[in-house]
Amino acid sequence: MTQTSLHSDVTSHSQNNEHGKATLGPLLCWAVVFADIGSSIYYVPGILYSTVRGLAGFFVLLTMVVFVLLTLKYAEVSQRFPEGGGVVSVAAQAINSWAGALGGMLILVSYFLTAAISCLSAIQYLGVVLPGVLPIDLWITIGVLMLLGVLNWVGISESAKVSLVSALVAFCSDLAILWTVFTHLSFSEVLSLFQSVFAHETLTPTSVLVGFSGAFLAFSGLESISQLSPVMKTPRKKVIGIALFLVVLTIGVTSPLLTMLSTLLQPQEAANEVLSTQLISLLGGHWGNNFLQTEVAVSASLILIFASNTAIIGAYHVFLALSRMDFFPAFILKRNRFRDTPHWSIALATGIPITILILVNGKINLLGDLYAFGLLGAFTLTCLGLDLIRSRERILARRRKIVPSPEKVYKNGHGTLAGVSVMPLLAHEEVPLSNGQVVIARVGMSRTVIRGIIHTLWLRLDFWLGILTTVLVALAWVVSLVSRPQAALFGGSVALIGMGVAYFNYIRKGSPPIVTAYLEGPLPGSVLAVLAAGDAQNDQIIEAAIDDARSDPVVFLYLGERRDDRAPKPFEIVNPYLDDVSAKETLGHAEGLARKARISRSFVYRQQEDAIATSVWQILHSRDVILSSLMVEQLHDINPDRIRYELTPRGKIAHLLKRW
């Protein structure tokens, strides 16, 4: 379905091994994502109505098209980055480590507002059943957030199975409301209702852009799928495909229709500051009965609290990841002695949303306006990063003739497919001649060639659809920055403070933060420096590689010690390099020397196992492999043209030279 990076042949042991402990299949993945995205419907209609009035449902339907395209990109992100991390991993891989840090800041802004707005909405929906909570909804919301923080400190985190129950209840409630309303309206009444939207509202280019950018709030939570990669069952591609198909189906059926009906049938309630936060429950009560209204209010409260807790979990794992990447101070990683939970990161993930609620005085429409910066910023950076990765792979494939040209394939049956002549793949037929001889005539292309052509055309279409998605999402982000300056001020300030902390930590530490890369394909003429945990010659290997590089790129491969894998947790970024202090120090030293020498470099981390260095070499096609002389015998499958030994103060290092 999507382009696959050539690094898949060298997936690390920890990434492969963790899937034996993975627990989430398609249904549970759908439940976690739907519990996040599906909760948005309970507050989006009222927030959108305050800006676009009766066009709220129309804009949700319009943005649904981009949401479908966006799910295709997030499906690929989840597949490419099995360690999780979403925008952090994508931006770091596609651009550099600082872009990964920026992605982390953007998603943190989104998580903070998700926690605040979801929890506040939950209490306001509870007000349908218990009206007495509405005058003090802000303080009850703060209390609930504190309770969620305590539960995470204790170690009681959200269960995917509990999310499944709440997601099913919420989805069934949504369907019950739709069924109730449509059974009370005739077909002509439904048509006239939708036609009345454009009879009372005027569409202008400005209103279309503002409504389009604002409606993305209805689809917040899609990033959750990329954070679940470490705990997905295999085959991951199939799990992701089914889960996101269910997400698109369930959100597509419920979100646009409920937004339309709740705003068009209840314009007075939608315009009321208090009642606009209860529109879905009131819709069920008006067209159904008190039982449906109460049930929807209770189920909405539960799923919104789950969404708030999910945001807290996601936020504190991003804090941990950025600290492990050396962007945030190390104290954030500290765990308490009693429950072995990261109390500082949990405190930040809980305390910042509480602070935001106090600053806006619990005004939910203002929270909705602030939402756009982080959400659309994270979407944009993810899409852009994936486009850059895809583009590099297309260039590489073109050079190696991996991707065939349809024009060449069709022309007289000639051309290449993955570097192989198409001629032998054509279907043939024996044709007898009058003189008794038999000739072989081509009668058409084989299924292999046809599948190759279709696959190539799909890759090209998928690539350009991805570009279109990036443009549309970036447009929505730019419009939100102009139309909602308070969102730009708030989100920009939080991101700027975060990047300032990251830069200060970098200055204090004295070594640059390094993000290890995937191998996207061959680097002919490159130098491969093989470094290993505990190897006393690492410094000499680094210096020799830099001296030998000239103008060629250097790839520093660090072989870390094998560690026991543990079961990953949802929203956790599982990357063994981030916990390997020795590897980070060694590669940081390599980065410092390479930067002074102004050479092109990249860094790869793998846990030690048989033939892993050989596999990396086979992908890179390096002209020189530099390593400790003691490791030469371990590289059984490398067949260099010659081996040159170099004497250093700490012994011999070997140069395995090869002309490809």
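Scanning segment 335-347 for residues that are free of Cβ contacts under 8 Å to residues at least 40 places away in the same chain, touching a helix residue (DSSP H, G or I) at 6+ places or on another chain (Cβ under 6 Å) and open to solvent by 20 Å² or more (accessible area, probe 1.4 Å) turns up just one, 344.
For segment 496-546, residues that are buried (at least 17 other Cβ atoms within 10 Å of the Cβ) and in contact with a Gly (Cβ under 9 Å, 6 or more places away or on another chain) total 8. The residues listed here are 254, 341; of these, the one that is polar (S, T, N, Q) and part of a helix (DSSP H, G or I) is 254. Considering only segment 557-571, I want to know if a residue exists there that is assigned to a helix (DSSP H, G or I), open to solvent by 30 Å² or more (accessible area, probe 1.4 Å) and out of contact with any helix residue (DSSP H, G or I) (no Cβ under 7 Å at 6 or more places or on another chain). Scanning segment 557-571, I find no residue that is assigned to a helix (DSSP H, G or I), open to solvent by 30 Å² or more (accessible area, probe 1.4 Å) and out of contact with any helix residue (DSSP H, G or I) (no Cβ under 7 Å at 6 or more places or on another chain), so the answer is no. Within segment 592-630, being of a type in the set (A, V, I, L, M) and without any contact (Cβ under 8 Å) to a residue 24 or more places away in the chain holds for one residue alone: 630.
Taken together, 203, 168 contain a single residue that is outside any helix (DSSP H, G or I) and open to solvent by 60 Å² or more (accessible area, probe 1.4 Å), which is 203. Test residue 78 against the criterion of being open to solvent by 10 Å² or more (accessible area, probe 1.4 Å), small (Gly, Ala, Ser) and part of a helix (DSSP H, G or I), and give yes or no. No. Of all residues in segment 272-288, those satisfying the criterion of being in a helix (DSSP H, G or I) and over 18 Å from residue 121 (Cβ atoms) are 286, 287.
With a requirement of 1 or more residues that are open to solvent by 50 Å² or more (accessible area, probe 1.4 Å), the strands (runs of 3 or more DSSP E) lying completely within segment 581-652 that satisfy it span 601-607, 642-648.
Tell me, yes or no, whether segment 438-454 has at least one residue that is surrounded by 14 or more Cβ atoms within 10 Å (Cβ to Cβ), touching a helix residue (DSSP H, G or I) at 6+ places or on another chain (Cβ under 7 Å) and at pLDDT 75 or above. Yes, that holds for at least one residue. Taking the conditions exactly as written (under 30 Å from residue 193 (Cα atoms) and either open to solvent by less than 10 Å² (accessible area, probe 1.4 Å) or over 13 Å from the mean Cα position of the chain (by Cα) (or both)), does residue 102 satisfy them or not? Considered against the rule, which asks whether it is under 30 Å from residue 193 (Cα atoms) and either open to solvent by less than 10 Å² (accessible area, probe 1.4 Å) or over 13 Å from the mean Cα position of the chain (by Cα) (or both), residue 102 comes out as no. Is there any pair with a first residue in segment 639-660 that is modelled with pLDDT of 85 or more and a second that is open to solvent by 90 Å² or more (accessible area, probe 1.4 Å) and polar (S, T, N, Q) whose Cβ atoms are under 8 Å apart and which are 6 or more apart or on different chains, and what are they? From segment 639-660, the pairs are 658/639. Taken together, the residues in segment 254-270 that are free of Cβ contacts under 8 Å to residues at least 60 places away in the same chain and open to solvent by 10 Å² or more (accessible area, probe 1.4 Å) amount to 2.
For segment 99-154, a residue qualifies if it is assigned to a helix (DSSP H, G or I), without any contact (Cβ under 8 Å) to a residue 24 or more places away in the chain and not β-branched (Val, Ile, Thr), and the qualifying residues are 131, 132, 135, 139, 143, 147.
Rundown of residues vs (1) touching a Phe, Trp or Tyr at 6+ places or on another chain (Cβ under 9 Å); (2) under 30 Å from residue 198 (Cβ atoms); (3) in contact (Cβ under 8 Å) with a residue 12 or more places away in the chain; (4) of a type outside the set (A, V, I, L, M), yes/no style:
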site	(1), (2), (3), (4)
34	yes, no, yes, yes
47	yes, yes, yes, no
53	no, yes, yes, yes
58	yes, yes, yes, yes
67	yes, yes, yes, yes
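For segment 228-249, the set of residues classified as open to solvent by 10 Å² or more (accessible area, probe 1.4 Å), part of a helix (DSSP H, G or I) and not aliphatic (A, V, I, L, M) consists of 236, 237, 238, 241, 245, listed by residue number. Set side by side, the residues 315, 297, 311 differ, and just one is more than 24 Å from residue 99 (Cα to Cα), touching a helix residue (DSSP H, G or I) at 6+ places or on another chain (Cβ under 9 Å) and buried (at least 24 other Cβ atoms within 10 Å of the Cβ), which is 297.
The values are calculated or read from the model by the stated rules, or taken from the named source; none is laboratory data. All values reported here derive from a predicted model rather than from experimental measurement. Backbone-built Cβ (ideal geometry, glycine too); neighbour counts: all protein chains shown. Surface areas here come from the heavy atoms of the whole protein model, side chains and all, with no ligands, DNA or RNA. Shrake-Rupley method; radii C 1.70, N 1.55, O 1.52, S 1.80 Å.
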